[in-house]
Amino acid sequence: QVQLEESGGGWVQVGGSLRLSCRVSGGALSSYAMGWFRQAAGKERDFVAGITYDSKSTMYGNDVKGRFTISRDNDKNTAYLLMNSLTPEDTVVYYCAADKTPTALNMFYDYWGQGTQVTVSS
């Protein structure tokens, strides 16, 4: 069974950077497209970024475009989300997700991690 585990969340100052990691187990990362989402308490889950299995295509949500970068290392079975120029509005729980269609770039994923909290403050 495929499992996803996020790490790298925590507290960061306004304007700072943080890199989230998502390790996949129970399957080869190269078999999946990967995505990152985020969700504030009481709100819907929002798409942050997606990347195809071969890293050739990426997609970003409007709120993070130009600040966040999604990447992956299939050899390490790990996907990443580098977040720069963080603001208090980025304070939410971040989730990684895997799609069984490796070339997919969409909002629908098959497997989800448990989430990691990011807090941005001064």
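Label point of Ser57 set 7 angstrom out along Cα-Cβ; within region 93-122, amide nitrogens under 13 Å from it belong to 101-107. Among the protein heavy atoms of region 27-89, carbon and sulfur supply 43% of the accessible surface, probe 1.4 Å, non-protein parts ignored. Residues whose amide H lies under 5 Å from that of Lys100, counting only those 5 or more places away or on a different chain, are Asp110; hydrogens are built 1.01 Å from N in the peptide plane.
Karplus-derived 3J(HN,Hα) values for region 88-100, using 6.51 cos²θ - 1.76 cosθ + 1.60 with θ = phi - 60°, are x, 5, 7, 6, 7, 8, 10, 10, 9, 8, 10, 10, 5 Hz; glycine and proline are entered as x.
Please state the charge dipole magnitude for the chain, taken about the Cα centre, from unit charges on C-beta atoms (+1 on K and R, -1 on D and E), reported in debye and rounded to the nearest 20.
On the way: 11 positive and 12 negative charges, 25 e Å.
Value, rounded to 20: 120 debye.
Under 5 Å between amide hydrogens, built in the peptide plane, is the criterion, and for Val92 it picks out Val118 among residues at least 5 positions away or on other chains. Under 19 Å from a label point set 7 Å out along the Cα-to-Cβ vector of Arg45, the amide N atoms of region 89-110 belong to 90-110. For region 12-122, the solvent-accessible area with a 1.4 angstrom probe is 50 square angstrom per residue.
If I compute Cα extents along the principal axes in Å from the structure I just sent, which labelled value in (1) 40, 27, 25; (2) 50, 25, 23; (3) 47, 25, 23 lines up? Label (1) holds the value from this structure. Dipole orientation for the chain: of the candidates Leu81, Cys22, Tyr111, Leu81 has the Cα lying most toward the positive pole (charges on Cβ; Lys, Arg +1; Asp, Glu -1). Here the gap between Ser121 and Glu5, fully extended at 0.36 nm per residue and compared with their Cα-Cα distance, gives a gain of 39.3 nm.
For region 45-89, applying the loop criterion from DSSP together with a ceiling of 11 other beta carbons within 10 Å to the trypsin sites (Lys or Arg not before Pro) yields Lys56, Lys65.
The values are calculated or read from the model by the stated rules, or taken from the named source; none is laboratory data. Values in this document were obtained by computation on a predicted structure and should not be read as measured data. Counting neighbours? That spans all protein chains shown, and the Cβs are built from the backbone with ideal geometry, glycine included. Just the protein is used for accessible areas: all its heavy atoms, side chains included, with ligands, DNA and RNA removed. Shrake-Rupley method; radii C 1.70, N 1.55, O 1.52, S 1.80 Å.
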